[in-house]
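Chemist: Handing you a structure now.
No value in this document is a laboratory result; all are computed from the given coordinates. On a predicted model such as this, the values are computed, not experimentally measured, just so you know. We place every Cβ from the backbone using ideal geometry, glycine too, and count neighbours over all the protein chains shown.
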Amino acid sequence: MLLYDTVISARDAVRAKDISAVELTRAALARIEEQDQLLGAFNSKDSARALIQAKAVDDGERTGPLAGVPIAIKDNICTSWGTTTCSSKMLENFRAPYDATVVRALEDAGAVIVGKTNLDEFAMGSSTENSAFKITRNPWDQKRVPGGSSGGSAAAVAASRCCGALGSDTGGSIRQPASFCGLVGMKPTYGRVSRYGLVAFASSLDQIGPMAWTVGDCAQVLNVISGHDRKDSTSVRDAAPDYIANLEKPIDRLRIGVVKEFQAIAGVDPQVKSAIDAAIKKYQSLGAEIVEVSLPHTDYGIAAYYIIAPCEASSNLARYDGVHFGHRTSEQVNDIVELFSKSRAEGFGPEVQRRIMIGTYALSSGYYDAYYNRALQIRTLIRRDFDEAFRQCDVILSPTSPTPAFKAGEKTADPLQMYLVDVFTVTCNIAGIPGISVPCGFTSGANPLPIGMQLLGPVFSEEKLLRVARMFEATTDFHKRRPVMDIQASVE
Ligand code: GLN
């Protein structure tokens, strides 16, 4: 473990000179160097650059609310140094010409970026097994997946290679890996955080957000990365509130919604169910009122998501043709069309190809109305469902994922099984609302696995969501547990 493994404890320790930023960065880098082979959390790191950044903090040249804190970045977020691969052969050697706005913001706040983390190729997946380079293992049980698609970011924090990380969430990719790795992870409202420099998967659903051990850590990182950016026309103009200022203040007369239709969802692990029930009781004991709400179009969420996201992806990924962007075949070709198709067949992995085909099919003439337009209609209905539900409650509480972390290889043979994992998370992106996953329990057994609960709120309710999450965290200990991976010798 790092001596200071949370964002705020590291920041305060550096500030108080209990440890230097260089020492802290060295410790994080050493852990990546010596132990990441097995875990596979990182795609790349730039130690020399990180140490220069850290030294500048120690010399008083770099200051700010994250000064000296080691942070990792998902490898689909552009940095002007090193590569931005999206864990795809297509972009294996891609060097972005600029920094994403969030990267600039982190560095302006003094953060030390230690490396870029593994993901499902182009963020398509729920286990990080779709990376073209390697799988990432879950620090709590290395036979299991860390979740996805931000699995590298989750594993990196959980295994103490950094204090916090950025992920991206299109259908659950921050919240689900956070829940699998015992972390807090937040998907902000669409438009709250700039997407400039995030490699697009599904532009109307994508959002960047923080992953860390505590609610306070996420609030701190969100403070730094949120706000208007004129380089992203979808980023909102009004100033973001200070998410830390009132974090410790409990919400009076809190109304927590539990969703009637969620009770009927099949395949929810009994241990997840009982952890969620216990969380509901905990909130009751803190004075919250529990109300049953209805989201009548819950059943259509996965279907709508797995049309809308692939449609947008098929359009966004058209730019990777070996000419404008990405891998170019070295084989002999007769014309430009063959160049495109060979390059794309070599550069994209099977899941990405599947999404492009689904999206292209659903957008093609004759099918557009039956699939894409239909999915957009469902999108409107799902949005209305939430509007209606939030008239009766402040936040909605559910599991983040139906199960704890599953075994590597368990769901790779059947893409549908992998898609169904997202049942609780995708509607949040479809509606554009914020969601947070918070540790709420552990499974019993020899290798206890973290369980996460999801809290959803109306658009721009991040401040309230964080406070509600903090109320729970302040009276529980789940966020204090750490994996014992240092003594897990090896993987069979
Ligand atoms: N698991 C979902 C998918 O495969 C969500 C991914 C994401 O949020 N990036 O599309």
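Chemist: Where the only charges are on Cβ atoms (+1 Lys, Arg; -1 Asp, Glu), what is the dipole of region 1-103 about its Cα centre, to the nearest 20 debye?
Modeler: Values: 12 positive and 14 negative charges, 36 e Å.
For region 1-103, the charge dipole is close to 180 debye.
Chemist: Report the charge-dipole magnitude of the chain in Debye, nearest 20, computed about the Cα centre from +1 at each Lys and Arg Cβ and -1 at each Asp and Glu Cβ.
Modeler: Once rounded to the nearest 20, the dipole reads 300 debye.
Chemist: Evaluate E = 1/(1 + (r/R0)^6) for K231 and L3, where r is the Cβ-Cβ distance and R0 equals 51 Å; express this FRET efficiency to the nearest 0.05. Walk me through the numbers on the way to the answer.
Modeler: Details: r = 37 Å, r/R0 = 0.73.
It comes to 0.85.
Chemist: If you take all C-alpha pairs in the chain, what percent of them are over 41 Å apart?
Modeler: 13
Chemist: Just the number: Rg to Rh for region 170-233, Cα atoms, Kirkwood Rh, two decimals.
Modeler: 0.97
Chemist: Under 8 Å for C-alpha pairs, at least 6 residues apart: give me the relative contact order for region 25-170, rounded to a whole percent.
Modeler: Details: 331 pairs, mean separation 41.6, N = 146.
Rounded, it is 29 percent for region 25-170.
Chemist: Shifting gears a bit: With r as the distance between the Cβ atoms of K407 and Q353 and R0 = 22 Å, compute the FRET efficiency 1/(1 + (r/R0)^6) and round to 0.05.
Modeler: 0.30
Chemist: Another one. Using only alpha carbon pairs under 8 Å that are at least six residues apart, calculate the relative contact order of the chain and give it in whole percent.
Modeler: The value is 17 percent.
Chemist: Order of K231, K464, K74 from fewest to most other C-beta atoms within 10 Å?
Modeler: Going from least to most buried by this count: K231, K464, K74.
Chemist: Which whole-number percent gives the relative contact order of region 246-356, counting Cα pairs below 8 Å spaced six or more residues apart?
Modeler: It rounds to 24 percent for region 246-356.
Chemist: Which of the GluC sites (Glu not before Pro) across region 11-63 are loop residues per DSSP, with 13 or fewer other Cβ within 10 Å?
Modeler: E61
Chemist: Go through region 327-404 and name the GluC sites (Glu not before Pro) that are in a DSSP coil and have 16 or fewer other Cβ atoms within 10 Å of their Cβ.
Modeler: Details: sites: E331, E338, E346, E351, E388; in loops: E331.
Answer by residue number: E331.
Chemist: Another question, if that's okay. List, in the order given, every pair from K260/K282; K17/K55; K281/K464; K134/K342; K116/K143 whose Cα-Cα distance in the structure shown is over 18 Å.
Modeler: K260/K282; K281/K464; K134/K342; K116/K143
Chemist: In whole Å, how far is the Cα centre of region 33-56 from that of region 226-294?
Modeler: Taking the Cα centre of region 226-294 as reference, the centre of region 33-56 is 34 Å away.
Chemist: Could you tally the net charge around K480, taking each other residue with its Cβ under 12 Å from the Cβ of K480, Lys/Arg +1 and Asp/Glu -1?
Modeler: -1
Chemist: If you project the alpha carbons of region 343-415 onto their three principal axes, what span does each projection cover, largest first, in Å?
Modeler: Largest to smallest, the principal-axis extents are 51, 40, 18 Å.
Chemist: Can I ask one more? If you find the alpha carbon centre of region 359-413 and of region 320-337, how far apart are they in angstrom?
Modeler: 35
Chemist: Express in whole angstrom the spacing between the alpha-carbon centres of region 183-200 and region 417-454.
Modeler: 17
Chemist: Which loop GluC sites (Glu not before Pro) in region 243-317, with loop taken from DSSP, have no more than 16 other Cβ atoms within 10 angstrom of their Cβ?
Modeler: Filter output for region 243-317: E248.
Chemist: Just want the answer: with Cβ charges of +1 for Lys and Arg and -1 for Asp and Glu, which residue in V438, A313, H327 is farthest toward the dipole's positive end in region 312-458?
Modeler: It is V438, whose Cα lies furthest towards the positive end.
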